[in-house]
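**Student:** Input: one structure, supplied below.
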Amino acid sequence: MSKSNTKEMNYFNRLVVAAKTTNKVLKQKFTISPQDIYNIYREQHGKCDVTGEKLALEGKRPNSVVIKRLHAKTGFVANNVVLVARKAVKK
């Protein structure tokens, strides 16, 4: 694995850990892994599913990655999540 892939995987691991923390409250199905998030990132060509802008893989920038569930009741499973920019998430 290249240095850049290792950095990406570390970032995706942190995203999954954060999603697991959120899911403890939601108590929904949770099967995503850092590898799933990496695969989704590659499928989306590193771009936000909502805005089409390049996603940032660091910090809490407006374009940093957030895992978004397509259907809230389905939970965090690979075919139910997309990656979006933080600024694209409605609060």
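No lab work stands behind these numbers, since they all come straight from the coordinates. Nothing here was measured: the structure is a model prediction, and the numbers come from that model. A quick note on method: Cβ atoms are made from the backbone with ideal geometry, for glycine too, and the neighbour counts reach across all protein chains shown.
**Student:** What Kirkwood radius, in Å to one decimal, follows from the Cα pairs of segment 3-88?
**Tutor:** Working: mean 1/r = 0.0780 Å⁻¹.
Value: 12.8 Å, from the Cα pair sum.
**Student:** Applying the Karplus parametrisation 6.51 cos²θ - 1.76 cosθ + 1.60 with θ = phi - 60° to the phi angles of segment 58-69, what ³J(HN,Hα) value in whole Hz is obtained for each residue in order, glycine and proline being reported as x?
**Tutor:** Working through the residues one at a time gives 6, x, 10, 7, x, 9, 6, 6, 10, 7, 10, 7 Hz.
**Student:** Please give the contour-minus-distance gain from Ala18 to Thr74: 0.36 nm per residue of separation, less the Cα-Cα distance, rounded to one decimal in nm.
**Tutor:** Numbers: separation 56, 0.36 × 56 = 20.16 nm, distance 1.77 nm.
My answer for the length gained is 18.4 nm.
**Student:** What is the dipole size for segment 3-88, taken about its Cα centre, with +1 at each Lys and Arg Cβ and -1 at each Asp and Glu Cβ, in debye to the nearest 20? Write down the numbers at each step before the final one.
**Tutor:** Details: 17 positive and 6 negative charges, 67 e Å.
Dipole magnitude for segment 3-88 comes out near 320 debye.
**Student:** Quick one: how many lysine pairs in the chain have C-alpha atoms under 18 angstrom apart, if they're 8 or more apart or on different chains?
**Tutor:** Lysine pairs meeting the criterion: 27.
**Student:** Quick one: 3J(HN,Hα) in Hz for segment 33-41, Karplus 6.51/-1.76/1.60 with θ = phi - 60°, rounded, Gly and Pro as x.
**Tutor:** 10, x, 5, 4, 5, 4, 4, 5, 4
**Student:** Can you list residues whose amide H is under 5 Å from Leu55's amide H, if they're 5+ apart or on another chain and H is modeled 1.01 Å from N?
**Tutor:** Lys47, Cys48
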